[in-house]
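Inspection log for the structure reproduced underneath, given as C-alpha cells.
Values quoted throughout were computed directly from the atomic coordinates according to the rules given, and no laboratory measurement underlies them. A quick note: this is a predicted structure, and the numbers were derived from the prediction, not measured. Cβ placement follows ideal geometry from the backbone for every residue including glycine, while neighbour counts extend to all protein chains displayed.
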Amino acid sequence: MTSAYCTVLSKGRLYQAVALFKSLELVDQDSPIFILCMDEDTHRVLQKLKMKQLNLVPVAALENELLLKLKETRDQSEYCWTMKPIFLQAVLNSNPELERVTYIDGDLFFYADPSPIFENQPDCSVLLSRGDIVIPSFEKEQIDMLQRLLGRYNSGFISFKHDDAGTDCLEWWKERCLEECKNAPGEGKFGDQGYLDYMSELFPNVCDITTPGVNIGHWNYGQHTFSWKDGRIVLEDGSPLIFYHFSGYRIVSINEIKQIHETTRTDLPFVHELYQETLPHIIQHIKTLDPEFNGFASKDDNK
C-alpha cells in the first residue's frame with residue numbers, strides 16, 4: 001500500500017518532531033512524511049536536515065482569505081489543529097497515487113514498524129486511536145468527567161484511506177474544524193479531537209485501532225507494563241510497543257526538559273528516561289545545523 005504520514009509543525013515543537021522523524025526513519029523508510037511548516041524557522045531547519053522522507057509545505061501555500069481571518073481569532077494551537085484535516089486533504093488531492101494518509105503528532109516516537117496497524121484492518125476507511133483514560137490514582141467520577149470533556153479518542157494518530165468513506169469523513173472533519181476549534185475542553189467538543197467521537201455514527205468503515213502497542217501515553221500507560229525482549233520494547237502480552245505518545249513535554253533548555261503532565265507520578269515507564277536521553281542529542285544536532293534557531297519553551301509554558 002502506498003501510504004504517507006502528515007504532521008503540522010511549529011518551531012516550539014520542532015525538537016520533539018525531529019526525534020519523531022528519526023525514529024520513523026528506522027522502522028519505515030518507504031513512506032513519505034509531509035510537514036506543514038507553520039513558520040519560516042521550522043521550514044529552514046527541516047530543509048537543513050536533508051532527510052529524504054521529509055516533504056515540506058509552507059503554511060502560506062494553503063492559506064486563503066477564510067483561513068487568514070480565522071488565524072486572527074484563534075490561538076496558535078487552535079490554528080494548528082484547524083489545519084490538520086485541511087493539510088491531510090491537500091496531501092491526498094495533490095498525490096492521487098496515495099492509498100492512505102495518516103496524521104501523526106510531533107511528540108510521537110516509534111519503536112517498531114507501524115505497518116501492522118494498517119495490515120490488520122485493511123477494510124477500514126478511517127482508523128481511530130482510543131483515548132480511554134486509565135489512571136489508577138484517579139477516582140471513577142474524575143475519569144468519567146475527563147472522558148466526557150476530552151472525548152473517547154486521541155487525535156495524535158488518525159488514518160484515512162483514499163476511498164469514498166475516508167475522504168467524505170475527512171471533508172466532514174475539515175468543515176467542523178473550520179466552524180469551531182477551541183482549545184477548551186467541553187462535552188462533545190475539544191479542538192479537533194472532540195469531533196472524532198461522531199465519525200463512526202456518520203460514516204461507514206470507521207474503526208477503532210485493534211493493534212496493540214499503539215498511541216500509549218500519559219492517559220493510559222497505567223494499564224501496561226513495559227520490558228525489553230530480544231532487543232525491542234514489548235508490552236505485558238509480548239506485543240511490541242509500536243509508538244509512544246510523549247505528550248506534555250516542554251523543552252526549556254538542553255539541560256531542562258519538563259514533563260507537565262507527570263509532576264507527581266513516580267511510576268513512569270522507562271521509555272521516558274530513554275526519550276529524555278535522546279532529546280539533548282537532537283537539540284545539539286539542530287544547534288550545529290542552525291546556531292540561530294531557538295525552539296525552546298518558556299519556563300511558564302504549561303499549554
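Total residues in region 181-211 satisfying the condition of being part of a loop (DSSP other than H, G, I, E, B), free of Cβ contacts under 8 Å to residues at least 60 places away in the same chain and surrounded by fewer than 15 Cβ atoms within 10 Å (Cβ to Cβ): the figure is 3. Listed by position, the helices (runs of 4 or more DSSP H) inside region 1-92 whose residues that are of a type in the set (A, V, I, L, M), touching a residue at least 40 places away in the same chain (Cβ under 8 Å) and surrounded by fewer than 14 Cβ atoms within 10 Å (Cβ to Cβ) number at least 1 are 14-27, 65-73.
All of SER125, SER115 fail the test of being under 27 Å from ILE233 (Cα atoms) and under 20 Å from the mean Cα position of the chain (by Cα), apart from SER115.
Looking at region 86-97, can you tell me whether even one residue there is charged (D, E, K, R) and either at positive phi or out of contact with any Ser or Thr (no Cβ under 6 Å at 6 or more places or on another chain) (or both)? The answer is no; no qualifying residue exists.
Taking the conditions (1) at negative phi; (2) surrounded by 14 or more Cβ atoms within 10 Å (Cβ to Cβ) in turn, GLU273 satisfies each one other than (2). Take the residues in region 276-291 that are within 25 Å of SER227 (Cβ to Cβ) and in contact with a helix residue (DSSP H, G or I) (Cβ under 7 Å, 6 or more places away or on another chain); name whichever of them is surrounded by the fewest Cβ atoms within 10 Å (Cβ to Cβ). Checked region 276-291; the qualifying residue surrounded by the fewest Cβ atoms within 10 Å (Cβ to Cβ) is THR278.
Residues of region 220-257 that are closer than 23 Å to PHE138 by Cβ, part of a loop (DSSP other than H, G, I, E, B) and not aliphatic (A, V, I, L, M): ASN220, HIS224, THR225, PHE226, GLU236, PHE246, SER247, GLY248. Apart from one condition, THR102 fits all of (1) of a type in the set (Val, Ile, Thr); (2) more than 20 Å from VAL271 (Cα to Cα); (3) crowded, with 23+ Cβ neighbours inside 10 Å; (4) under 14 Å from the mean Cα position of the chain (by Cα); the exception is (3).
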